[in-house]
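Participant: One structure, as structure tokens, below. Some questions next.
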Amino acid sequence: MKINTQDLLKAGVHFGHIARKWNPNMRPFIFMKKGGIHIIDLSKTILKLEEACNGLKKIVKNGKKILFVGTKAQAREKVFYYAKTSNMPCITERWLGGLLTNFTTIRKSVKKMNNIEKMKKNGTFDTLSKKERLLIDRLYGKLYKNLGTISNMNHIPGGIFLVDPNKEKIALTEAKKLKIPIFAMVDTNTDPNGIQYPIPSNDDSSKSIDVILKFVSEAIQYEISMNKNEHKNKK
């Protein structure tokens, strides 16, 4: 799908933050100042979005997962929807410290959650006492809330996509520490340095988040289908 300026304009992707709250490192991506608000240069957004999509395709081609992260109210629903659409893991509730840097421990919790699901399916759960069932249900609820969306992530992701790196500071730090490629929507109040694939865009509007994630998820889905076709042809 071709990215065009009109779609981005309609979604308000060009609206930055109040000028006095800007990060000077975003200067190359700012078009002008209007009414005390910075306006993002959409030609740069398109360029960076295309770069990001190509980077994501390379990771997916190697069979690796992209972890989507967006815990702020405007992002949650969109992140969940597009991650699910492209069959990728995501975090929309809260980032658990050590999710990446202490991945083995997190995997143990995911395993525990998956085991409870198995117990419920095969009937073991029904043989327990009422008190045990209550305790397990509580534990499952807690685990599912925080980890349900990454139950299919068996390895450290090949890339991480952040909506608002300022809000997702811990995720950003952990990804940097492990040298995981970072893709992110960066608003005019964000430092794009250290982010391999910054996409200058309004990260406060759900419409803007929606349009960016739509392009990103379509690129991922395209690559997944190409991979499947390649495997079929090899057979």
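Participant: How big is the charge dipole of the chain about its Cα centre, in debye rounded to the nearest 20, if each Lys and Arg gets +1 on its Cβ and each Asp and Glu gets -1 on its Cβ?
Facilitator: The calculated dipole for the chain is roughly 780 debye.
Participant: How big is the charge dipole of region 35-143 about its Cα centre, in debye rounded to the nearest 20, if each Lys and Arg gets +1 on its Cβ and each Asp and Glu gets -1 on its Cβ?
Facilitator: 480
Participant: Whole Å is fine, so just give me how far the alpha carbon centre of region 182-214 lies from that of region 70-109.
Facilitator: 17
Participant: Figure the gain on full extension for Glu77 and Lys179 (residue separation times 0.36 nm, minus the Cα-Cα span) and round it to one decimal in nm.
Facilitator: 34.0 nm
Participant: Follow-up question, since we're still on this one. Between Lys145 and Lys118, what length comes free when the chain is fully extended (0.36 nm per residue of separation minus the Cα-Cα distance, one decimal in nm)?
Facilitator: Full-extension gain reported as 8.0 nm.
Participant: Let me ask another. For region 119-194, please report how many Lys pairs fall under 21 Å Cα to Cα, leaving out neighbours fewer than 8 apart on the same chain.
Facilitator: Lysine pairs satisfying the spacing and distance rule in region 119-194 number 17.
Participant: Give me, ordered by chain and number, the residues 5 or more places off Gly12 or on other chains with an amide H under 5 Å from its own placed amide H.
Facilitator: Those lying under 5 Å, H to H, from Gly12: there are none.
Participant: Treating only the Cβ of Lys, Arg, Asp and Glu as charged (+1, +1, -1, -1), what charge dipole size does region 167-226 show about its Cα centre? Round to the nearest 20 debye.
Facilitator: Value, rounded to 20: 220 debye.
Participant: Could you tell me how many degrees, from 0 to 90 and to the nearest 10, lie between the Cα long axis of helix 42-61 and the main elongation axis, the longest principal axis, of the Cα atoms of the chain?
Facilitator: It is inclined by approximately 30 degrees.
Participant: Then there is this: Run the accessible area of the chain with a 1.4 Å probe and give the carbon-and-sulfur part as a rounded percent.
Facilitator: Carbon plus sulfur share of accessible area: 53 percent.
Participant: On full extension of the chain, what length is gained from Asn166 through Ile39, given 0.36 nm per residue of separation minus the C-alpha to C-alpha distance?
Facilitator: Full extension from Asn166 to Ile39 adds 43.8 nm.
The values are calculated or read from the model by the stated rules, or taken from the named source; none is laboratory data. Remember, it's a predicted structure, so these values are computed and weren't measured experimentally. Cβ coordinates were reconstructed from backbone atoms using ideal geometry, including for glycine residues, and neighbour counts include every protein chain displayed. When the accessible area is computed, the model is the full protein with side chains, heavy atoms only, and any ligands, DNA or RNA have been set aside. Shrake-Rupley method; radii C 1.70, N 1.55, O 1.52, S 1.80 Å.
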